[in-house]
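Notes follow the structure.
The values are calculated or read from the model by the stated rules, or taken from the named source; none is laboratory data. Just so it is clear, the model here is predicted, and its values are computed rather than measured. Cβ placement follows ideal geometry from the backbone for every residue including glycine, while neighbour counts extend to all protein chains displayed.
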Amino acid sequence: MTTETPEIVIVGALECTATLVRLLKNTLQLDRRRGPSCIVVTRVTFDNLRNLRDIRGHRLHLGWIEEIEESLPKLLDRVKGRGKRLPPALKPLRIDELREDQTLMSGNVESGQTLRALGLWLLNERPLTPALARAVDAVCRVLDDDNGPAPPATSVAELAKRVNADPRKLGYLWSTRIPLRCTLEQMIQWSVLLWAVRNREHGGTWRDMARTVDLSLQTLQRYSQKLARCSLTDLGENSPPGWVETVFAEWLSRVATE
């Protein structure tokens, strides 16, 4: 009598405990020809991603409870070899499809990918005035040079000056033309934090990042606590790969109106 090894194992857990992590490691260490792929369905929390960060391999896939009804079928198709990557510019705005088809545990998530995809979608699919289009380009870092992203604007007034627009009118256009329940100031704060995380990977300290954009270290710390739900110290030393990108996509899914 032979026992067949399943092709896919789906694990659901609100908390990814040390026991669960050991079980997943043992499962993924099975022979590649016999070992199953694992889909872990869990909540998007700092602790869960931190506990899972040491598990690597192409057979581990993550699905978030907050979006599982849509993401699980896609994960299953991907595991079976039938999944196809969706382009970022889609109608209507679907946050899960803006995110790159990637495994967070691989460590290849680059800060700002989701923000740039959002900007591309807005520029391609929304009727924007020239000033608002320039603002979207600047805030979402659409035309950034991958080898040297320029510092972002840190306020609506500074952004308006860069795109040659009136600050109040620019804020009004954002609130009426952009399908997100957030202010332009909030998106600017995300842009600053994502830029800082990305740029710091090339060297430098958080103080250097704050100084480059003419902010105090305390202000950048406040952005981290408010947006990423952790301190700059945790963000730099203890956070899992792609943590800020994941939290941003999670936030974006909550404020999207389409």
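Numbers at a glance
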{"quantity": "Set Leu173, Leu215: member being on the phi < 0 side of the Ramachandran plot and in a helix (DSSP H, G or I)", "calculated": "Leu173"}
{"quantity": "Pairs where the first residue, in the stretch 163-189, is in contact (Cβ under 8 Å) with a residue 40 or more places away in the chain and assigned by TED's automatic domain parsing to the domain that holds Trp121 and the second is among the small types (Gly, Ala, Ser) and in a loop (DSSP other than H, G, I, E, B), C-beta under 7 Å, 6+ apart", "calculated": "Ile188/Ala153; Ile188/Ser155"}
{"quantity": "Selection within the stretch 125-149 - at pLDDT 70 or above and loosely packed, with under 13 Cβ neighbours inside 10 Å", "calculated": "Pro127, Pro130"}
{"quantity": "Residue identified as farther than 15 Å from Thr114 by Cα and modelled with pLDDT of 95 or more among Glu201, Glu185", "calculated": "Glu185"}
{"quantity": "Selection within the stretch 150-165 - farther than 18 Å from Leu180 by Cα, more than 21 Å from the chain's Cα centre (by Cα) and either at pLDDT below 85 or assigned to a helix (DSSP H, G or I) (or both)", "calculated": "Ala157, Glu158, Leu159, Ala160, Lys161, Arg162"}
